[in-house]
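What follows is a short report on a single structure.
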Amino acid sequence: MSAYDAWAAVYDAWGGQNPGDVAHYVELARAADGPIVELAVGTGRVAIEVVRETGKPVLGIDSSPAMLEVAREKSAGLPLELRLGDMRELELDEPAALIYVPGRSLLHLHGWSEKRRVFERVARSLRPGGRFAFNAFVFSHAIAAQLDGTTQEQNGIAQTLRYSPADNRTEIVRDDGATLRLWWATKAEWDGLLDVAGLEIEALYGGFEREPFTDESLEYVYVARKPA
């Protein structure tokens, strides 16, 4: 059983809003000349729209059976292949033209070592010239200090936020105890992960309008490429 199974029934209502991200990934998919893969596909929020908008098939991989079941119900009749799997063990039948990870889902990987494993697997799974795209929040100590321990309601779901700066960890604890854990990374760490995987940074945006990344940006929006 995956820790994310407990969130499947409420995920779309609770966390399914990230303005602009769908259009961003749709545009990347339109430009992809070959197989498209979404890691941590979850309930299919992004992948379903990529398929609908581009008409291209997508392979979606996730570690949560419950999340995938929701995605299957929502995507019936669409060319969206859904596969149970761990992104840390990524292996594809053929190299991809685009692998993307929306929804800040790379933050569910614990620390540098797990992230590095995924980045290296992604690099091996891309065809020459293929792209790797993802987004993640920019961690703010000021915001963390303000929100640590507070309980909020998001679309009718009560949650408590907890921060552990020594472990670079954020915990989102639902009122029934279900917990999501995120491990943030800095720009230097993301850049380093791409470098050790042999991927080149094509662009780093500060948001899904593709605005320049600055010291005030709250989101990392990366597009990287495997050298041709």
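The values are calculated or read from the model by the stated rules, or taken from the named source; none is laboratory data. Remember, predicted model here, so these are calculated numbers, not experimental data. For neighbour counting, all protein chains shown are included, and Cβ atoms are generated from backbone atoms with ideal geometry for every residue, glycine included.
When 78, 107, 84 are checked against the criterion of being surrounded by 19 or more Cβ atoms within 10 Å (Cβ to Cβ) and not acidic (Asp, Glu), 107 stands alone in meeting it. Look at (1) free of Cβ contacts under 8 Å to residues at least 24 places away in the same chain; (2) touching a Gly at 6+ places or on another chain (Cβ under 8 Å); (3) over 18 Å from residue 82 (Cα atoms) and you find that residue 60 fails only one, number (3).
Taking the criterion of being without any contact (Cβ under 8 Å) to a residue 60 or more places away in the chain and among the acidic types (Asp, Glu), the residues of segment 29-57 that qualify are 49, 53. When you scan segment 148-166, how many residues do you find that are farther than 22 Å from residue 219 by Cβ and loosely packed, with under 15 Cβ neighbours inside 10 Å? Count: 6.
The residues of segment 51-96 that are of a type in the set (Val, Ile, Thr), in contact with a helix residue (DSSP H, G or I) (Cβ under 7 Å, 6 or more places away or on another chain) and assigned to a helix (DSSP H, G or I) amount to a single one, 54.
When residues in segment 17-39 are screened for being under 22 Å from residue 210 (Cβ atoms) and assigned to a loop (DSSP other than H, G, I, E, B), 6 of them pass.
Each row is one residue, and each column tells you yes or no for (1) farther than 27 Å from residue 129 by Cβ; (2) outside the structural domain of residue 100 (by TED's automatic domain parsing); (3) surrounded by fewer than 24 Cβ atoms within 10 Å (Cβ to Cβ).
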{"position": "15", "(1), (2), (3)": "yes, no, yes"}
{"position": "30", "(1), (2), (3)": "no, no, yes"}
{"position": "33", "(1), (2), (3)": "no, no, yes"}
{"position": "46", "(1), (2), (3)": "no, no, no"}
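One residue stands out in segment 181-228 among those that are among the basic types (Lys, Arg) and touching a Phe, Trp or Tyr at 6+ places or on another chain (Cβ under 9 Å): the one that is surrounded by the fewest Cβ atoms within 10 Å (Cβ to Cβ), namely 187. The residues of segment 97-142 that are of a type in the set (A, V, I, L, M, F, W, C), assigned to a loop (DSSP other than H, G, I, E, B) and at pLDDT 95 or above, listed by number, are 109, 138.
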